[in-house]
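Worksheet: one structure, shown below.
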Amino acid sequence: MTKDDLSKGEYNPYYQNYIEKAGSVKLHEGLKANADLTVSFLESIPEHKFEYRYEDGKWTVKEIMQHLIDTERVFTYRALCIARKDKTLFPGYDQDQYVVSCEANLRSYSSLINEYKAVRLATSVLFESFTRPMLTEIGTASSSNLSPRAVAFIIIGHENHHCQIIKDRYL
């Protein structure tokens, strides 16, 4: 199953950019392969860049990492609920408030990488447990349709998006 299998009715058009940035990976393999690439990239970042901001008010690399972790958790929760036919209407979440409150810069870089790995492993195992009908179930998040399979590609593309920002503006 690839992003090409998605229909426009499975996600909010806002996420199109992230879905495109997922590339041509298959869902399950993509989650695992992207994690390996991301960890390798994050581990290559020089220590003096962990708390660097390229501009006042912008997130540090540690804060971006925590943002990736938090966003993945929020979206996988949505995917789980939708796959289980929970018709709860999921609100959006305030990503900026999460970053302000997370205190990522007080954490060690290795603890953030370990948390990222744990979250991605849990995400991968969760998505492996979903059947095809579960992956294509439609729920509502942020007042728009959302399917669990769209969530997987959004997670991958969102991660690729932020890794590219780190490469372009932080290194």
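The values are calculated or read from the model by the stated rules, or taken from the named source; none is laboratory data. Model, not experiment: these values are computed from the prediction. Note that each Cβ is placed from the backbone with ideal geometry, even for glycine, and that neighbours are counted across all protein chains shown. The protein model used for the area step is the full one, side chains on, heavy atoms only, and it has no ligands, DNA or RNA in it. Shrake-Rupley method; radii C 1.70, N 1.55, O 1.52, S 1.80 Å.
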**Fill in**
Going through segment 135-171 in order, the residues found to be among the β-branched types (Val, Ile, Thr) and in contact with a Lys or Arg (Cβ under 7 Å, 6 or more places away or on another chain) are THR136, VAL151
**Request:** Check segment 86-103 and report whether any residue there is farther than 30 Å from GLY57 by Cβ, acidic (Asp, Glu) and open to solvent by 20 Å² or more (accessible area, probe 1.4 Å).
**Result:** yes
**Message:** Against the condition over 21 Å from SER40 (Cβ atoms), open to solvent by 10 Å² or more (accessible area, probe 1.4 Å) and hydroxyl-bearing (Ser, Thr, Tyr), how does SER144 come out, does it pass?
**Reply:** yes
**Fill in**
When segment 19-52 is checked residue by residue, the ones that are in contact with a helix residue (DSSP H, G or I) (Cβ under 7 Å, 6 or more places away or on another chain), closer than 20 Å to GLU137 by Cβ and open to solvent by 30 Å² or more (accessible area, probe 1.4 Å) are HIS28
**Request:** Looking for whichever is touching a residue at least 60 places away in the same chain (Cβ under 8 Å), touching a Gly at 6+ places or on another chain (Cβ under 9 Å) and open to solvent by 20 Å² or more (accessible area, probe 1.4 Å) here; the options are ILE138, ILE165. Which one fits?
**Result:** ILE138
**Prompt:** Which condition does ALA118 not pass, out of (1) closer than 28 Å to ARG149 by Cα; (2) touching a residue at least 60 places away in the same chain (Cβ under 8 Å), if it passes all the others?
**Reply:** (2)
**Request:** Within segment 121-157, count every residue that is within 16 Å of the chain's Cα centre (by Cα), farther than 15 Å from SER7 by Cα and of a type in the set (Phe, Trp, Tyr).
**Result:** 1
**Fill in**
Residue hits (segment 53-76; open to solvent by 90 Å² or more (accessible area, probe 1.4 Å) and within 12 Å of the chain's Cα centre (by Cα)) are ARG73
